[in-house]
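Below is one structure. I have some questions about it.
The values are calculated or read from the model by the stated rules, or taken from the named source; none is laboratory data. None of the values given here were measured: they were computed from a predicted structure. So basically every Cβ, Gly included, is an ideal-geometry build from the backbone, and we count neighbours across all protein chains shown. The protein model used for the area step is the full one, side chains on, heavy atoms only, and it has no ligands, DNA or RNA in it. Shrake-Rupley method; radii C 1.70, N 1.55, O 1.52, S 1.80 Å.
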Amino acid sequence: MHKELRVAAYAVCVRDGSVLLARWVAGDGSKRWTLPGGGMDHGEDPYDTVVREAEEETGYAVEPVALLGVDSLRRRYPRRLGAVADFHGLRIVYEGRVVGGALRHETSGSTDLAAWHALDAVPALERVSLVDVGLALWRGRPVDGHLA
């Protein structure tokens with residue numbers, strides 16, 4: 001069993017009843033909406049990660065204004081030569097506020113589109129589970145930063 005740990009930071013940016021999302025392109029070419037953000041570089045603070053990643057994926061300068069919570073995800077999947085990966089994702093979720101920049105799409109990255117979506121339209125979107133987790137944290141604001 002090959003253990004993999006990925007620590008990432010994401011922003012929930014809600015403005016005028018809409019949430020900012022980036023469209024993630026999977027390795028198989030499928031596309032699903034996700035929160036702007038991504039993996040931390042070694043030695044990088046998660047606050048700096050979310051600022052950097054949000055700008056890369058959306059063009060916006062995003063200021064983290066509150067730590068909403070931490071989500072822990074674990075799954076297993078096949079790897080080359082019959083091996084199995086035991087993946088653990090640790091996702092740090094901030095509330096973010098757009099403070100500058102202009103909406104644009106990422107080029108040569110893991111996302112190909114950025115857009116605002118009405119909150120009531122999100123359930124109909126092809127999306128990753130992180131979108132629902134982030135919105136639940138944003139709406140519920142659990143004191144311990146953990147969804148029950």
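Could you give the accessible area per residue of the chain, probe 1.4 Å, as a whole number in Å²?
Numbers: 8200 Å² over 148 residues.
With the other protein chains kept in place, the chain gives 55 Å² per residue.
Cut-off 10 angstrom, C-alpha nodes, Gaussian network model of the chain. Which of His105, His42, His88 fluctuates the most?
With Cα springs under 10 Å in the chain, the top fluctuation among His105, His42, His88 is at His42.
So what J values fall out for the range 60-68 if you push phi through Karplus, 6.51 cos²θ - 1.76 cosθ + 1.60 with θ = phi - 60°, rounded to Hz, Gly and Pro as x?
Coupling constants for the range 60-68: 8, 7, 10, 9, x, 10, 7, 7, 7 Hz.
With N set to the residue count of the range 1-123, report its C-alpha Rg divided by 2.2 N^0.38 Å to two decimal places. Intermediate values should be presented prior to the final figure.
Details: Rg = 15.2 Å, N = 123, 2.2 N^0.38 = 13.7 Å.
In units of the globular-protein estimate, the range 1-123 measures up at 1.11.
Quick one: 3J(HN,Hα) in Hz for the range 47-56, Karplus 6.51/-1.76/1.60 with θ = phi - 60°, rounded, Gly and Pro as x.
Taking θ as phi minus 60°, the curve returns 4, 5, 4, 5, 4, 5, 5, 4, 5, 4 Hz for the range 47-56.
Specify the longest stretch of the chain that does not include any exposed loop site, a site being one of the trypsin sites (Lys or Arg not before Pro) with a non-H, G, I, E, B DSSP assignment and at most 14 other Cβ atoms within 10 Å.
1-78
Of Pro123, Pro64, Pro36, which has the largest mean-square fluctuation in a 10 Å C-alpha GNM of the chain?
In this elastic network of the chain, the residue with the biggest mean-square fluctuation among Pro123, Pro64, Pro36 is Pro123.
Among Gly27, Gly89, Gly59, determine the one that fluctuates most according to a GNM of the chain built with springs between C-alpha atoms less than 10 Å apart.
Gly27
What does the charge add up to near His2, with Lys and Arg as +1, Asp and Glu as -1, over the other residues with Cβ less than 11 Å from its Cβ? Display every interim value, and only then the final one.
Details: positive: Lys3, Arg76, Arg79, Arg80; negative: Glu4, Asp86.
Taking every Cβ under 11 Å from that of His2, the sum is +2.
What number, rounded to the nearest 500 deg cm²/dmol, is the helix-based mean residue ellipticity at 222 nm of the chain, given -39500 (n - 2.57) per DSSP H run of at least four residues and division by all its residues?
Working: 2 runs with 25 residues, N = 148.
Taken over the chain, the calculation gives -5500 deg cm²/dmol.
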